[in-house]
């Protein structure tokens, strides 16, 4: 077991790679009575084309299967996993994103029993055609529910506009038609390919003894048999840098139009510290240029063009990335024009001031340090960073290093009219 000490944050992180390839991180937190654990696989909704374990030819599975598999993992032949966690005083949950699926619990006692339950239920799949078909109706209702949520449709509508082929454009839950094609065999194929310990990470934080817990996890894993470690082959079609659709409008039952302007990133091949620097530099750029303290936002707010729903942000993963700027507004087309005019103006140069950059860096460092008081934030973010060869504990020192040149270079990756798209949700009955 290795001990990693981060002096600036006064945190001691313990790490060990199990013989089966599982990465285990333990972060004890003094003064905490609660412990939070996440058991995560690097497998999400975008992983739809891959070579199954033990086979030579790639396959394409139905959309939404990662999310479907997450649901089915909790169902066992002879027990209710949620009830078991509840009886042991724990609160359990799970989520699926574009790039990962995570199972988690929080508890104040029976830590070892709950950790064993977490590891054991995720590492013992049980699927039958009967239970799979039953789940289709449940997930179908969930899909229908999200289809009726304007904010969700706005978000995915903007992403769909941006991407030609990358599966990030597909709703994480899939469609009613795609999940209807899922079989128990599909689930077993995806499970055995992506749920191997070598593709997973266990993170435990809070009131935990690192040596005792690491010994416990080691013994738990040693009692199980897994296939040899095999690299996973994932396949993605080549994605153009320009957006797929420049503008779309959808009518829904809303009182006020909703709009997003999307900016598709060109630089999506970074990993490790280069990715971390690029992402943080973009966060600073978006906040200074389009955030709620920017001159752009203040002007539009004073003119009544944006309201309290306004947001501007950036997300990046290996293979895709984008910025979104949006609001509820009675003048969505004017808002789109204002964003595009601002982008055109910025293309001549950001003209950032050292004092503004320094202030924003201090603000983001302060925000990150406050977030380190929340064990749920640390656990979920640490795993996301680790899967991209980054370290959450490098964020603060990296923020301190970022220069205006770094910010300008990062922002340049989303500049260009060909990378701009817009999506509007209008009230029913409006002209489109």
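The values are calculated or read from the model by the stated rules, or taken from the named source; none is laboratory data. Because the structure is predicted, anything quoted here is derived from the model rather than measured. FYI the Cβ positions are ideal-geometry reconstructions off the backbone, even for glycines, and counts take in every protein chain you see.
Quick check: is even one residue across the stretch 333-347 farther than 23 Å from residue 153 by Cβ, within 17 Å of the chain's Cα centre (by Cα) and without any contact (Cβ under 8 Å) to a residue 40 or more places away in the chain? Within the stretch 333-347, not a single residue is farther than 23 Å from residue 153 by Cβ, within 17 Å of the chain's Cα centre (by Cα) and without any contact (Cβ under 8 Å) to a residue 40 or more places away in the chain.
Name the strands (runs of 3 or more DSSP E) wholly within the stretch 1-106 that hold at least 2 residues that are surrounded by 22 or more Cβ atoms within 10 Å (Cβ to Cβ) and in the same structural domain as residue 195 (by TED's automatic domain parsing)? Full working, then the answer.
Numbers: elements: 2-6, 11-17, 23-28, 35-41, 90-96.
Qualifying strands (runs of 3 or more DSSP E): 23-28, 35-41, 90-96.
Could you tell me whether residue 180 is within 30 Å of residue 109 (Cβ to Cβ), surrounded by fewer than 19 Cβ atoms within 10 Å (Cβ to Cβ) and over 25 Å from the mean Cα position of the chain (by Cα)? No: the conditions fail for residue 180.
Quick grid of which residues meet (1) assigned to a loop (DSSP other than H, G, I, E, B); (2) under 30 Å from residue 205 (Cα atoms); (3) at pLDDT 95 or above:
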{"position": "370", "(1), (2), (3)": "no, yes, no"}
{"position": "388", "(1), (2), (3)": "yes, yes, yes"}
{"position": "400", "(1), (2), (3)": "no, yes, yes"}
{"position": "406", "(1), (2), (3)": "no, no, yes"}
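When you check residue 300 against the structure, is it buried (at least 21 other Cβ atoms within 10 Å of the Cβ), assigned to a helix (DSSP H, G or I) and touching a strand residue (DSSP E or B) at 6+ places or on another chain (Cβ under 9 Å), yes or no? When the stated conditions are applied, residue 300 passes them.
Quick one: which residue in 339, 306, 357 is assigned to a loop (DSSP other than H, G, I, E, B) and surrounded by 18 or more Cβ atoms within 10 Å (Cβ to Cβ)? Quick ask: steps written out before the conclusion?
Values: 339 fails: assigned to a loop (DSSP other than H, G, I, E, B); 357 fails: assigned to a loop (DSSP other than H, G, I, E, B).
Only one candidate passes the filter, namely 306.
Restrict the check to the stretch 215-226 and report whether at least one residue is closer than 23 Å to residue 51 by Cα and surrounded by 14 or more Cβ atoms within 10 Å (Cβ to Cβ). For the stretch 215-226, residues closer than 23 Å to residue 51 by Cα and surrounded by 14 or more Cβ atoms within 10 Å (Cβ to Cβ): present. Just one of the numbered conditions (1) in contact with a helix residue (DSSP H, G or I) (Cβ under 6 Å, 6 or more places away or on another chain); (2) crowded, with 16+ Cβ neighbours inside 10 Å; (3) not assigned by TED's automatic domain parsing to the domain that holds residue 346 is not true of residue 258: (3).
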